[in-house]
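The values are calculated or read from the model by the stated rules, or taken from the named source; none is laboratory data. Everything numeric here is computed off the predicted structure, so don't read it as measured data. Backbone-built Cβ (ideal geometry, glycine too); neighbour counts: all protein chains shown.
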Amino acid sequence: MNLLTRDVPPRSAWALEQAGIHPLLARLYAARGVLSKDELDDALSLLLPPTGMLGTQAAAQLLADAIAQNKRLCIVADYDCDGATACAVGVRGLRMLGAQNVSYLVPDRVVDGYGLTPPIAQRVHAQGADVLITVDNGIASVAGVQAAQALGLQVLVTDHHLPGSELPTAEVIVNPNQPGCSFTSKSIAGVGVMFYVLLALRAELRQRGVFDASNQPRLDALLPLVALGTVADVVKLDANNRRLVAQGLRRVRAGALPPGMSALMRAASRETAKATTFDFGFALGPRINAAGRLADMTLGIECLLTDDAGRADELAKQLDAINRERRVIEGDMRAMAMEMAESLFDEGDEPPPAICVFDPDFHEGVVGIVASRIKDKLHRPTFVFAASSAPGKEHELKGSGRSIAGFHLRDALDLVAKRAPGVLLRFGGHAMAAGCTIAEEHLDVFEETLNQVAMEWLDAATLQRRLETDGPLPAEYRRVDLVDMLHHEVWGQGFAPPVFCEEIEIVSQRLVGEKHLSLKMKHQGQPVDGIWFGRTEPLPARVKLAYRLDADEWQGQKRVRFLVEGAEV
């Protein structure tokens, strides 16, 4: 692994320090492109205005009319955490703004597949809805939108995924990535888009005299859900997304969060008062996602919607149990898939440019996580396929892919579709994660074509595993209070959590739990403990390590420890 040190522009770091930012934070922020203290101001008033997102005004008018006419609204959600939080934000927000009849429907991963399909449109119509609202999906649902409109439904698409060559004919589309939209935060999550639609709707209702500034509903109560969905969907934390997350975290820490989020924090043994982005991404997000992977995402959405603390606890416990089951399935599948991936090349050789694995026994709800694990280990774009368990679709394979920096996965699929017409039945996604459906008989053609694209696009620099770090940690900053300070900040995709890097002396090392390396080390001559999760090979006596700061408690004493992320050996 090549450990790189981020450049710290001295003028930016000095300006931040002069503005009262802690010297360590000033250095970290400057290395992430922050130029002034103003950029760190997370005030709600500094959020980009809803008027800048194409379609919000038209969406607000459509929804305001629907509320005035007491129309029945139905939200079609997605079965991941972004989709679940976007649905909960939509249902809660519309009810707060006066909608009397709001329901939701979430597709089944196995039976329905992704997005608004004609059968989903039929089910929404059968429920008696007048207006169909998509959240975190819909931009690629050309046939589904047409089917809904043919049934007499008005359709509002809210999404953040990249559009294809044809846009759906919905009454209104709100998506910052659609052509002609000048909204600068292109990486906003689906839940953020829905929140922006609600902000625009509230402004429209004010204009119509339904509310005024003194009696309008406080939509900021929805920000804990917006923050959770934003972090869990691993979208880039640009300045606007960081403000949304910071505001949500602030409310969570103050105890102002939905009962379901509170119950999930307890189920994960996390303290609400000390909540971090890490909790959202690695504790709450996976528990909600597990429902969509193995069961029914209705469980996750109901957990986020209920205001009954007892019911929230019951649902959180169910989600926790499903997540435990997911871990077992994932563990078995990962071992098998890794073995298959490693059999594609001889020991000592480089892996192929892209990895594709399939087994009839794979569970389609877990293919994305397994693809991510293989990608992390082999540093190659990876697709894992499972046989569809949808009735009548047994010949189809559903694949989930994860990519490495410098290889845009959705664009790669687009090129595969052009070079091998008819192989991809459906596909969509982002740069780093995408999904597709193919006929089983076309798996070899897909693998061959994807490998060809990867061979053309990937160069030696991209294939070199690299980790960006923040350089050495001054010894005086190896303190528990500074660990707490760092954990309190908003880190995530595109605004990476601090990883320090320097040569360290290994005093002793031993395996714990058969798969983790426990370390006693000397950092700048002083003793410190560390652990490298998932590492079994021993380290040399002196080694350049990349590590995150953490604190553990032993006999009532909190001590700093290093969580090792990589080594340059």
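The table for this structure:
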quantity	calculated
Selection within region 399-453 - of a type in the set (Ser, Thr, Tyr) and more than 14 Å from VAL384 (Cα to Cα)	THR449
Leading residue by the ranking (farthest from ARG419 (Cα to Cα)) among those in region 449-474 that are touching a strand residue (DSSP E or B) at 6+ places or on another chain (Cβ under 9 Å) and assigned to a helix (DSSP H, G or I)	ASN451
Residue tally, condition of a type in the set (Gly, Ala, Ser) and within 29 Å of the chain's Cα centre (by Cα), over region 552-569	2
Top-ranked residue in region 1-40 [being closer than 27 Å to ASP220 by Cα and modelled with pLDDT under 95; ranked as surrounded by the fewest Cβ atoms within 10 Å (Cβ to Cβ)]	ASP38
Given (1) in contact with a strand residue (DSSP E or B) (Cβ under 7 Å, 6 or more places away or on another chain); (2) under 30 Å from GLY368 (Cβ atoms), index of the condition LEU62 fails	(2)
All helices (runs of 4 or more DSSP H) inside region 118-220 with 2 or more residues being within 20 Å of ALA88 (Cβ to Cβ)	118-126, 190-207
